[in-house]
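Participant: I have a structure here, written as structure tokens, and I will follow up with some questions on it.
The values are calculated or read from the model by the stated rules, or taken from the named source; none is laboratory data. None of these values were measured; they are calculated from a predicted model. A quick note on method: Cβ atoms are made from the backbone with ideal geometry, for glycine too, and the neighbour counts reach across all protein chains shown. The area values use the complete protein model at the heavy-atom level, side chains included, leaving out ligands, DNA and RNA. Shrake-Rupley method; radii C 1.70, N 1.55, O 1.52, S 1.80 Å.
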Amino acid sequence: MQDTAPRSGGNKRWYVVHAYSGMEKSVQRALMERIERAGMQDKFGQILVPTEEVIEVKNGQKSVTERRFFPGYVLVEMEMTDETWHLVKNTSKVTGFIGGKSNKPTPIPPHEVDKILHQMQEGVEKPRPKVLYEVGELVRIKDGPFTDFNGNVEEVNYEKSRVRVSVTIFGRATPVELEFGQVEKV
């Protein structure tokens with residue numbers, strides 16, 4: 001009885017497949033359809049496009065979008081055989097495997113995969129802002145009463161999506177609380 005073995009067990013390892021940038025999701029769908037048509041479901045595990053959710057503020061409206069960790073790459077859990085290699089390699093918009101020789105790719109270590117899976121899970125639970133600010137960084141204010149002023153970031157509050165910027169007004173440094181959408185990197 002081999003059906004009791006876990007789906008990701010056996011000789012399956014994780015490989016990185018290079019795809020045309022921006023086509024990762026369509027490569028993922030195409031691979032799943034080709035695996036299904038070839039009846040090779042037992043030779044493949046998960047096919048992932050590592051993404052995280054990011055919060056973007058446009059015109060005062062918050063929107064959650066997806067950002068890819070590794071644009072142009074798809075992670076494939078598979079048993080490496082000549083047939084599976086050809087199935088993946090000959091999928092439309094796939095340029096090949098990363099690492100090792102062209103016909104014998106190197107799998108990525110399990111701890112690396114665990115890190116990526118953990119990062120994906122964190123991104124879903126707690127979306128991060130699209131732009132990250134650092135204390136001391138120079139920013140330009142693009143909205144509000146201080147539009148077109150430059151200032152240094154004094155404090156970043158990711159919970160509230162706000163920054164405190166030190167702006168020089170009439171020769172004096174004045175701290176100003178702003179939303180992420182009101183500033184941009186210089």
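Participant: Name every residue in segment 145-181 that is part of a loop (DSSP other than H, G, I, E, B), surrounded by 13 or more Cβ atoms within 10 Å (Cβ to Cβ) and under 33 Å from the mean Cα position of the chain (by Cα), in order of residue number.
Facilitator: 149, 158, 161 - these are the residues of segment 145-181 that are part of a loop (DSSP other than H, G, I, E, B), surrounded by 13 or more Cβ atoms within 10 Å (Cβ to Cβ) and under 33 Å from the mean Cα position of the chain (by Cα).
Participant: Can residue 164 be described as more than 30 Å from residue 12 (Cβ to Cβ) and either free of Cβ contacts under 8 Å to residues at least 40 places away in the same chain or out of contact with any strand residue (DSSP E or B) (no Cβ under 8 Å at 6 or more places or on another chain) (or both)?
Facilitator: yes
Participant: Go through segment 167-186 residue by residue and tally those that are in contact (Cβ under 8 Å) with a residue 24 or more places away in the chain and among the acidic types (Asp, Glu).
Facilitator: So the count comes out to 2.
Participant: Where the second residue is at pLDDT 90 or above and part of a loop (DSSP other than H, G, I, E, B) and the first is of a type in the set (A, V, I, L, M, F, W, C) and lies in segment 101-113, which pairs have Cβ atoms under 9 Å and are six or more apart or on separate chains?
Facilitator: 108/98
Participant: Something else about it: Mind checking which residues of segment 107-124 are under 11 Å from residue 14 (Cβ atoms), hydrophobic (A, V, I, L, M, F, W, C) and in a helix (DSSP H, G or I)?
Facilitator: 113, 116, 117
Participant: Also, I was wondering about something else. Inside segment 155-175, can you point out the residues that are of a type outside the set (Ser, Thr, Tyr) and under 21 Å from residue 56 (Cα atoms)?
Facilitator: 155, 156, 157, 159, 160, 162, 163, 164, 165
Participant: For segment 80-90, indicate whether the set of residues that are more than 26 Å from residue 124 (Cα to Cα) and aromatic (Phe, Trp, Tyr) is non-empty.
Facilitator: Within segment 80-90, one or more residues are more than 26 Å from residue 124 (Cα to Cα) and aromatic (Phe, Trp, Tyr).
Participant: Continuing with the same structure: Could you grab the pairs with beta carbons closer than 8 Å, sequence gap of 6+ or different chains, first residue in segment 141-161 and closer than 11 Å to residue 177 by Cα, second one of a type in the set (Phe, Trp, Tyr) and open to solvent by less than 50 Å² (accessible area, probe 1.4 Å)?
Facilitator: If the second residue must be of a type in the set (Phe, Trp, Tyr) and open to solvent by less than 50 Å² (accessible area, probe 1.4 Å), the pairs left are 153/133; 156/133; 161/180.
Participant: For residues in segment 116-141 being at pLDDT 90 or above and of a type outside the set (A, V, I, L, M), which is most open to solvent (accessible area, probe 1.4 Å)?
Facilitator: Ranking the qualifying residues of segment 116-141, first place goes to 140.
Participant: Restricting to segment 6-51, give me the number of residues that are under 16 Å from the mean Cα position of the chain (by Cα), more than 12 Å from residue 92 (Cβ to Cβ) and in a strand (DSSP E or B).
Facilitator: 6
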